[in-house]
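Taking it in order: structure first as structure tokens, then the write-up.
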Amino acid sequence: MSWGTELWDQFDNLEKHTQWGIEFVERYTKFVKERSEIEISYAKQIRNLSKKYQPKKNSKEDEEYKYTSCRAFLSTLNELNDYAGQHEVIAENLTSQIICELTRFVQELKAERKSHFHDGRKAQQHIENCWKQLESSKRRFERDCKEADRAQQYFEKMDADINVTKADVEKARQQAQMRHQMAEDSKNEYSACLQKFNQEQNEHYYTLIPHIFQRIQDMEERRIQKVGESMKTFAEVDRQVLPIVGKCLDGMTKAAESIEPKSDSNQVIESYKSGFEPPGDVEFEDYSQPMKRTASDTSLSNSRNEGKPDKPISKSKGKLWPFIKKNKGSGPEDFSHLPPEQRRKKLQAKIDEINKDIQKEMDQREALTKMKDVYLKNPQMGDPSSVDPRLAEISQNIEKLRLELQKFDGWLAEVEGRMPVRSDSSKRQSGMFEAQNNAPVNNNCAQDRESPDGSYTEERSSEAQVKEFDDEFDDEEPLPTIGTCKVLYPFEGQNEGTISVAEGEVLHVIEEDKGDGWTRVRRNDDEEGYVPTSYVEVFLENTKGAMTYI
């Protein structure tokens with residue numbers, strides 16, 4: 001069915017309907033815009049909520065995150081922040097895919113509608129003008145016919161009157177003939193106008209108007225189709241983020257499942273354990289005869305009361321001092337203000353921290369040494385001497401950190417009551433430092449101390465430490481792949497630790513650039529080494545499944 005044939009006489013109603021259609025599109029666009037604003041506001045509030053409950057740096061809350069429940073809450077906050085980001089994506093897609101598109105479409109629709117109805121009004125005006133011309137010729141024909149009849153009657157009257165002169169009769173006859181001729185001309189003109197009007201009317205209602213109305217109908221159907229597509233996009237925008245929203249919710253669920261009540265309760269023991277033995281039984285003191293009060297072997301006051309005169313039990317506070325509130329503050333550097341167990345943990349943590357700092361400095365030195373070797377073999381890549389100041393600075397930093405390590409090793413030995421034989425990880429770290437630097441370490445604070453059995457303990461040789469370090473890393477599993485890279489320029493890895501690559505080759509990335517200009521790569525899971533970062537284009541994988549281009 002066509003508007004041109006079925007609605008040929010509904011021009012005004014079609015004009016109102018198409019205007020309503022455009023207003024409907026504008027109303028729907030406003031609806032989507034308000035939805036987008038709601039999404040942005042919601043995302044902002046969710047982000048603020050996540051930020052509000054994030055732990056503050058260097059605050060007491062940092063200590064809380066050693067518990068699994070607190071770590072799970074932190075993971076939930078991070079996932080919630082990602083969840084808010086997906087609502088920002090919804091708002092962004094609604095704006096770009098619907099609001100902008102419909103705004104542009106409405107402007108085009110208004111211009112097209114204006115053009116179509118302008119043509120319709122022009123056609124209507126033309127047919128009305130033709131009708132007016134027809135009516136005018138019809139009235140003129142009618143008037144001329146009446147005038148001719150009156151002139152004929154007057155001539156006949158004059159011709160019948162014997163008193164009228166022949167000249168008057170002739171004049172009346174000529175007047176009648178003239179009127180008849182005018183009527184005949186008017187008749188012909190009216191007939192021509194009628195024929196022309198019928199042709200114009202037929203063309204108007206069967207050609208022009210159907211064509212114009214058909215274009216208006218097509219425009220209206222395109223408007224309806226566009227609204228339908230926008231509504232479908234409205235749903236798809238939400239559907240597109242559902243997988244990532246699902247990952248965020250899965251992350252929250254996984255964080256909740258990672259909570260371990262037993263681990264948290266054991267962590268309380270680790271956090272507050274003093275290492276002291278509980279006080280022994282208090283013996284009965286018979287004041288009826290003088291007798292010396294003897295404390296139990298495990299009493300906390302033993303060490304304090306030796307060589308001192310007895311005091312009444314009411315004034316002795318030695319047994320209860322572990323429960324007295326400690327003074328706040330950072331305390332001395334050796335943590336001597338803490339109970340033995342807590343002091344040991346703090347010292348061990350400090351030693352581990354220094355070991356990490358030393359390892360970091362040594363990694364930088366190794367990278368700079370590689371870079372210097374490359375510069376020596378390829379002078380066009382850089383000046384080898386430009387690396388020397390930084391190498392000297394790193395060596396000084398390593399020496400300072402070693403001295404600091406020796407100091408804390410000595411304090412830890414005092415707490416443990418034995419030679420500074422550290423944990424396996426500490427031994428391996430020390431062995432690695434010794435082997436890589438070939439420099440002896442003078443443990444001034446740790447040497448010449450007696451072991452628990454009264455003998456002396458010597459540090460193991462650096463060869464044994466190197467062997468232990470090598471054995472450890474021989475059993476180490478290969479590093480996982482964190483992305484891929486494409487070689488931009490050929491590189492010949494002539495130096496130890498580097499790998500030769502060809503232009504266009506695709507390799508696996510197992511360690512990204514740490515700021516030293518080198519990237520660690522692997523070829524076919526059996527050959528790996530370092531290549532200059534500037535020679536490759538790296539694509540790192542992230543947790544959401546997207547790729548990060550460097």
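The values are calculated or read from the model by the stated rules, or taken from the named source; none is laboratory data. Note that this is a predicted model, so its numbers are computed, not measured. Positions of Cβ are generated from backbone atoms using ideal geometry, with glycine treated the same way; all protein chains shown enter the neighbour counts. Note: accessible area is taken over every heavy atom of the protein model, side chains too, but ligands, DNA and RNA are not part of it. Shrake-Rupley method; radii C 1.70, N 1.55, O 1.52, S 1.80 Å.
Remarks
- Here the stretch 1-98 exposes an accessible surface that is 53 percent carbon and sulfur, computed with a 1.4 Å probe and the other protein chains kept in place.
- Nearest-10 value in Å² for the accessible area of T369, using the 1.4 Å probe: 60 Å²
- Distance in nm between pseudo-label sites at Y154 and S136 (7 Å out along the Cβ direction from Cα): 2.7 nm
- Extending 7 Å from Cα along the Cβ direction at F284 and again at S41 yields two label points whose distance is 8.0 nm.
- Under 20 Å from a label point set 7 Å out along the Cα-to-Cβ vector of N524, the amide N atoms of the stretch 488-515 belong to 488, 490-494, 497-510.
- The stretch 336-356-the stretch 1-70 distance, computed between alpha-carbon centres (Å): 54 Å
- Stretching the chain fully between K146 and I510 yields a gain of 119.9 nm (0.36 nm per residue, less the alpha carbon separation).
- Hypothetical label at R71: residues of the stretch 347-366 whose amide nitrogen lies under 19 Å (7 Å Cα-Cβ projection): 349-350, 352-353
- One decimal place: the segment K360-S258 gains 33.6 nm when fully extended, by the rule 0.36 nm per residue minus the C-alpha distance.
- Taking label positions 7 Å along the Cα-Cβ direction at both A392 and K166, the computed distance is 15.2 nm, reported to one decimal.
- Restriction of the trypsin sites (Lys or Arg not before Pro) in the stretch 1-99 to DSSP coil positions whose beta-carbon has at most 16 other beta-carbons within 10 angstrom yields K56, K57, K60, K66.
- Shown are R223, R344, whose ranking by accessible area with a 1.4 Å probe and every protein chain present, most to least, is R344, R223.
- Taking θ as phi - 60° and the Karplus parameters 6.51, -1.76 and 1.60, the scalar couplings of the stretch 503-511 work out to 4, x, 6, 10, 10, 8, 9, 10, 7 Hz in sequence order, x denoting glycine and proline.
- Under the Karplus curve 6.51 cos²θ - 1.76 cosθ + 1.60, θ = phi - 60°, whole-Hz ³J(HN,Hα) for the stretch 225-230, x wherever Gly or Pro sits: 5, 5, 5, x, 5, 5
- Full extension of the chain segment joining Y535 with I482 gains 17.3 nm, where the gain is 0.36 nm per residue of separation less the Cα-Cα distance.
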